[in-house]
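Following: one structure in structure tokens, then a few remarks.
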Amino acid sequence: MPIIPEETVQRYQRLKDDLNQHNHAYYVLDDPSIPDSEYDRLMRELQAIEQDFPSLLTPDSPSQRVGGVALDSFSQVVHTVPMLSLDNAFSDTEMVDFDRRIKDRINLDSSQQMIYACEPKLDGAAVSVLYKAGLLERAATRGDGSVGEDITANVRTIKSIPLRLQGENIPDILEVRGEIYMPKDGFNRLNQKAKQAGEKAFVNPRNAAAGSLRQLDSKITATRPLEMCAYSVGQFEGGDKPNSHFQMLQMLGQLGFKINQHIKQVEGIDDCEDYYQHLASIRDQLDYDIDGIVYKVNDFRLQERLGFVAKAPRWAIARKFPAQEEMTRLLDVEFQVGRTGAVTPVARLEPVFVGGVTVGNATLHNADEINRLGVCIGDTVIVRRAGDVIPQIVKAVLDKRPEGAQPIIFPERCPVCQSAVKRAEGEAVARCTGGLFCGAQTKEAIKHYASRKAMDIDGLGDKLVDALVDNDLIYSVADLYDLNLEGLVNLERMAQKSAENLLQSIEVSKQTTLPKFLYSLGIREVGEATAQTLANNFGTLDAVIAASIDQLLEIDDVGPIVARHIVDFFNNPDNLPIVEAIVAAGVQWKDIDQSADSLPLKGQTWVLTGTMETMSRAEAKDRLQEFGAKVAGSVSAKTHAVVAGPGAGSKLKKAQALEIQVLSEQSLIEFLATL
Ligand code: IVH
């Protein structure tokens, strides 16, 4: 065996400690301490030492998180302290009953309040991680609560789980329990990759987390974006055990575990209810799925007195949120035609209460999605509605397929105008080729033109547009400016006053900005940001109309597809006369000064994250864009600056890792005032 120089041994130990600490800062505290490049450099140095002197290598080395040899099967693990489950409560009344039962059992009089620890109920997979003398020894699934499976190799790859405990007060034996989950953005990225590769996507983050943990090949688990949040302990020997659950969680935090940021100690059932309402209101903004709140009697002595019933403790309860996934039946599929002719299959469902509302329709996206799901009309399906996102069908329950279930056939002709439906090569979307001849496309184009972020014509809602087109009062957006009182009052349910108001709003909306006007034209792939970039770069409508593909491609963020759509739009003989008629009707804006002084942020990309407290996010975006900046949704090496408000998470973390300047909202306001 080669003799290892003492400096190398010391350097190796130092590198291990430093890397473990940087890892903790990055994955547990969400607060990177060094740039990624420096982390990589230290890791390479550590690996080089391990290569030269393999005898130095220990299981707590940060290099050991990449996974190892695949297993044939998982071995069984007996839980010394059983892993219990929780009773559920589905209403406030059930919560009041829970509180009363506890008070009765410990003879608390009704005026006294119980102290509870409140935590989000994370939607992932329960895990037990055992440490001996501070070193991760074994990790196991919950299984049936008494016997689980040994998933140590997989758990080692999860960076928010310490391989060695930190700090002073380290028990001889410590079994930490918690939830392993997949954050939403990691889940979306994983599924996107799976879809691109033609592989099966995961139904939801919980299945993805559980599936990733049950990989026999830990190298696969290592590629999955998993995290662990600690929420209790099992075995605890040879150390100072705290007196309460809340203190225990603080201790776990000090030992290096990730603890949920929203845990809170409250007094009494009313505060539990407030906590529930608050978490329900921010649920959609969290980076991870939660399916309820867990309330636990805080004091360990009281927990002991209360004990257990069957497989659940008397001292804890899970208050569930309304489910975000439910089963229902797919009754039919209709095909809707959008502004750009995109034909979208819409599922008509047997109404079902999911995510807090009754859902009767869900999107099926496109033909590929229908094939991927393998769904038929008549099938029982799982519908998911999370937050404000359009309800989705995530799965067909194949073993409930009835006899006579009908395959979904994508139409070859437009259901509105009967023109051919075509799908361009490489595109997922099929489109009606009818253009403005298609009533559906005309209506959608007008609705988009009138919408708030476009020309903002107050009072011109979807139903009115449908009525105007169906009654032959308008055929294109330009016709809006020829509307008169007489024609309008003849429409069913249109009162004189409403008609006057509409004409007035159309008049007011004529004062606009060039970016809004470009956006309102509904050119394919030209969203608000691209419209702003076009306006900033060309300054006038005429210059945009005259721009060649090459000139368009010179602009950052305009790729060949958008450039082609822009040129095609203005070359289409139907479109220019409409644009000219709109301008002739008096729609106007201020052209954009192209001098460097007026656009001091030209070429810069900014990112806004977290909550803005003084101005709204839209306002901050508008102001930055007015000075020529591009406002993007994600941080990359090209980002010039990030404005971070309270609640900023992964974007802020990334900006810090990339050493990009970060401003508070206040500094942004001060900075804009200097321009
Ligand atoms: S405490 C005896 N706390 O919910 C107490 N569980 O139905 C046992 N879960 O299997 C669990 N978040 O996987 C607890 N903050 C939290 C939790 C939580 C999620 C899961 C856990 C458990 C299931 C119980």
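Tabulated data for the structure shown
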{"read-out": "Failed criterion for Leu473 (all others in (1) touching a Gly at 6+ places or on another chain (Cβ under 7 Å); (2) among the aliphatic types (A, V, I, L, M); (3) closer than 30 Å to Val352 by Cβ hold)", "value": "(3)"}
{"read-out": "Where Gly134 falls short, out of the listed (1) over 21 Å from Pro62 (Cα atoms); (2) surrounded by fewer than 21 Cβ atoms within 10 Å (Cβ to Cβ)", "value": "(1)"}
{"read-out": "Subset tally (residues that are within 22 Å of the chain's Cα centre (by Cα), within 25 Å of Ala531 (Cα to Cα) and assigned to a loop (DSSP other than H, G, I, E, B)) for the range 630-648", "value": "6"}
{"read-out": "Subset of the range 374-395 that is hydrophobic (A, V, I, L, M, F, W, C) and surrounded by 19 or more Cβ atoms within 10 Å (Cβ to Cβ) - its residue that is farthest from Asp287 (Cα to Cα)", "value": "Cys376"}
{"read-out": "Answer residue from the range 176-191, given it is of a type in the set (A, V, I, L, M, F, W, C) and away from the ligand (no atom under 16 Å from the Cβ) and is farthest from the chain's Cα centre (by Cα) among those", "value": "Leu190"}
{"read-out": "Unmet requirement for Ile180, which otherwise passes all of (1) assigned to a helix (DSSP H, G or I); (2) without any contact (Cβ under 8 Å) to a residue 60 or more places away in the chain; (3) surrounded by 22 or more Cβ atoms within 10 Å (Cβ to Cβ)", "value": "(1)"}
{"read-out": "Cβ-Cβ under 8 Å pairs, at least 6 apart or on other chains, the range 275-304 side of a type in the set (Val, Ile, Thr), far side more than 15 Å from the ligand (Cβ to nearest atom) and not in a strand (DSSP E or B)", "value": "Val297/Met114"}
{"read-out": "Residue in the range 72-82 that is more than 16 Å from the ligand (Cβ to nearest atom), assigned to a loop (DSSP other than H, G, I, E, B) and within 21 Å of Glu179 (Cα to Cα) present", "value": "yes"}
{"read-out": "Filtered residue count, the range 518-550, keeping only those that are farther than 16 Å from Leu460 by Cβ and touching a residue at least 60 places away in the same chain (Cβ under 8 Å)", "value": "8"}
{"read-out": "Helices (runs of 4 or more DSSP H) completely within the range 192-288 that count 1 or more residues being within 14 Å of the ligand (Cβ to nearest atom) and buried (at least 17 other Cβ atoms within 10 Å of the Cβ)", "value": "205-213, 245-254, 269-282"}
{"read-out": "Some residue of the range 649-660 being among the hydroxyl-bearing types (Ser, Thr, Tyr) and not in a helix (DSSP H, G or I)", "value": "no"}
{"read-out": "Counted residues, the range 304-328 - those being assigned to a strand (DSSP E or B), loosely packed, with under 15 Cβ neighbours inside 10 Å and either within 10 Å of the ligand (Cβ to nearest atom) or of a type in the set (D, E, K, R) (or both)", "value": "1"}
{"read-out": "Verdict on Ala546 being modelled with pLDDT under 95 and within 30 Å of Leu601 (Cβ to Cβ)", "value": "no"}
{"read-out": "Residue count, the range 264-278 (criterion: modelled with pLDDT under 95 and within 16 Å of Leu86 (Cβ to Cβ))", "value": "0"}
{"read-out": "Hits in the range 197-230 - residues which are free of Cβ contacts under 8 Å to residues at least 60 places away in the same chain, hydroxyl-bearing (Ser, Thr, Tyr) and touching a Gly at 6+ places or on another chain (Cβ under 9 Å)", "value": "Thr223"}
{"read-out": "Subset of the range 83-94 that is within 16 Å of the ligand (Cβ to nearest atom) and polar (S, T, N, Q) - its residue that is farthest from Ile269 (Cα to Cα)", "value": "Ser85"}
{"read-out": "In the range 105-124, residue farthest from the chain's Cα centre (by Cα) [restricted to those that are buried (at least 23 other Cβ atoms within 10 Å of the Cβ) and closer than 12 Å to Glu179 by Cβ]", "value": "Glu119"}
{"read-out": "Qualifying residue in the range 50-60 (condition: among the aromatic types (Phe, Trp, Tyr), more than 16 Å from the ligand (Cβ to nearest atom) and in contact with a His (Cβ under 6 Å, 6 or more places away or on another chain))", "value": "no"}
{"read-out": "Residues satisfying the stated conditions in the range 14-53, i.e. within 21 Å of Leu252 (Cβ to Cβ) and not aliphatic (A, V, I, L, M)", "value": "Asp17, Asn20, Gln21, His22, Asn23, His24, Tyr26, Tyr27, Asp30, Asp31, Ser33"}
{"read-out": "Identity of the residue in the range 95-130, free of Cβ contacts under 8 Å to residues at least 40 places away in the same chain and not in a loop (DSSP other than H, G, I, E, B), that ends up nearest to the ligand (Cβ to nearest atom)", "value": "Asp97"}
{"read-out": "Residue within the range 150-158 that is more than 16 Å from the ligand (Cβ to nearest atom), of a type outside the set (Phe, Trp, Tyr) and without any contact (Cβ under 8 Å) to a residue 12 or more places away in the chain present", "value": "no"}
{"read-out": "Scan of the range 49-67 for residues that are surrounded by 14 or more Cβ atoms within 10 Å (Cβ to Cβ), of a type in the set (Gly, Ala, Ser) and in contact (Cβ under 8 Å) with a residue 24 or more places away in the chain, ordered by number", "value": "Ser61, Gly67"}
{"read-out": "Residue check for Lys132: under 29 Å from Ala386 (Cβ atoms) and of a type in the set (D, E, K, R)", "value": "no"}
{"read-out": "Residue check for Glu492: in a helix (DSSP H, G or I) and surrounded by fewer than 15 Cβ atoms within 10 Å (Cβ to Cβ)", "value": "no"}
{"read-out": "Residue in the range 606-629 that is in contact with a Leu (Cβ under 8 Å, 6 or more places away or on another chain), exposed (fewer than 12 other Cβ atoms within 10 Å of the Cβ) and free of Cβ contacts under 8 Å to residues at least 60 places away in the same chain present", "value": "no"}
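The values are calculated or read from the model by the stated rules, or taken from the named source; none is laboratory data. Computed from a prediction, not measured in an experiment: that's the story for all the values here. Glycine gets a Cβ as well: all are built from the backbone with ideal geometry, and neighbour counts include every protein chain shown.
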